[in-house]
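Here is the structure we will look at.
Every number here is computed from the coordinates shown, using simple stated rules; none is lab data. The shown structure was predicted, so the numbers you read here are calculated from the model rather than taken from an experiment. Here the Cβ is made from the backbone with ideal geometry for all residues, glycine too, and neighbour counts use every protein chain on show.
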Amino acid sequence: MNDKSLFTPLQIGDLTLANRIALPPLTRCRSEQPGNVPGEMMVDYYRQRASAGFMVTEGTQIEPRGQGYAWTPGIHSAEQIAGWKKVTEAVHQEGGTLFCQLWHVGRVSHSELQPAKLQPVAPSAVAVTGVRVFIETGPGEGMLTAPSEPRELTTAEVKEIVGLYRQAAENAKEAGFDGVELHAANGYLINQFISEHSNFRTDEYGGTLANRLRFLQEIVTEVSAVFGNQRVGVRFAPLFTSTSEDRVYLGLVESDPYTTYITAAKMLDSLKVGYLSIAEADWDNSPELPEDFRSALRAAFSGVIMYAGRYTQEKAERVLQQGWGDLFGFGRTFIANPDLPYRLRNGYSLNAVDAASLYGGTRKGYTDYPFYPS
């Protein structure tokens with residue numbers, strides 16, 4: 001037990017966070033079209049929430065093939081970099097810290113979202129089931145549909161994508177971000193390489209767990225060369241049950257998730273990344289993360305550990321007091337309460353989230369939630 005609170009400052013490398021309340025990566029599908037460019041709505045959205053001790057952007061595709069949902073922003077074009085620069089400048093003016101989540105969806109995509117309407121790419125030519133992607137059917141209109149059959153990447157292409165992650169980190173640095181987070185959760189590309197259910201490769205990136213972790217290891221090395229390892233984080237979603245909700249919301253459940261993710265954490269610790277982010281199951285009546293896993297993760301990883309997934313102030317304080325975590329993401333709660341740290345510190349009431357406006361749309365349900373007092 002310790003005497004820290006959510007309002008105790010925290011160090012991530014040379015960054016000092018004012019509090020331990022984080023805005024985790026939250027897909028909102030509000031980028032401007034054409035081009036998936038961050039616009040003024042996104043500038044306002046992140047500026048409003050800059051009192052968080054730490055913020056991570058929504059998933060941001062590193063290349064055109066990395067997109068799985070219409071209207072999500074990228075970090076691969078000059079226009080996107082310029083748009084994000086306006087976001088980071090606004091956040092820094094408010095004293096905030098903002099990392100860019102680098103994202104590639106791999107097989108969780110549709111040919112309609114791919115360059116020249118080609119197949120999505122993946123570690124192996126195995127289709128994903130039980131999930132839907134979102135494609136545009138007209139200006140401001142779209143539909144959910146099953147992902148397309150992917151094609152397997154060649155070994156040379158895998159190495160090229162590692163290089164694209166480095167380029168995305170360089171773009172993020174040009175845009176003024178404080179660091180980057182690698183999205184290795186939710187069944188997307190890095191997770192697809194790690195998982196025994198989606199990686200059937202026979203080259204250096206498949207087979208043993210060490211080989212399945214190689215893609216992530218190489219990406220971490222490359223982006224760390226851009227930002228420094230302490231300004232790099234990695235997000236995992238270690239699931240310990242297999243239900244329909246798991247498949248829909250988070251994707252891949254390993255036969256031995258404990259060994260998979262503790263091994264991955266030890267690898268990241270050896271690379272001295274700044275933090276490890278754990279996305280917990282977040283649907284109604286979802287199971288708690290096993291306490292023995294939390295303890296083992298703390299023993300395996302010496303950097304900052306961030307948790308997110310239906311966290312309340314009480315749950316975050318409990319996990320902090322146990323010494324299992326250091327930083328806590330409040331997802332939908334932060335969407336609905338741009339001044340969340342102020343409200344939590346003072347015990348003020350919270351706005352309810354409008355579920356209908358979470359993905360896509362206008363400023364309604366995006367930048368119009370009231371500050372306290374409302």
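Observations on the model:
- Between the labelled values (1) 31, 29, 21; (2) 32, 25, 18; (3) 28, 25, 20, the entry that holds semi-axes √(5λ) of the Cα gyration tensor in Å as derived from this structure is (3).
- Electrostatic dipole magnitude of the chain [Cβ: Lys, Arg +1; Asp, Glu -1; Cα centre; debye, to 20]: 340 debye
- Among beta bridges from DSSP that stay inside the chain, the antiparallel ones total about 20%.
- Residue among Phe177, Gly96, Ser255 farthest towards the positive dipole end of the chain, charges placed on Cβ: Gly96
- Applying 1/(1 + (r/R0)^6) with r as the Cβ-Cβ distance of Glu94 and Leu350 and R0 = 25 angstrom yields a FRET efficiency of 0.75.
- Among Val158, Val220, Tyr372 - extreme Cα towards positive end, dipole of the chain, charges at beta-carbon: Tyr372
- Cα gyration tensor shape of segment 169-314, rounded if a/c is under 1.5, else prolate or oblate by comparing a/b with b/c: oblate
- Candidates Gly74, Tyr46, Leu289 compared by Cα position along the dipole of the chain: farthest toward the positive end lies Tyr46, with charges placed on Cβ.
- Label-point separation, Arg332 to Lys4 (7 Å along Cα→Cβ), nm: 2.8 nm
- Anisotropy class of segment 274-339 from Cα gyration tensor, a/c 1.5 cut: prolate
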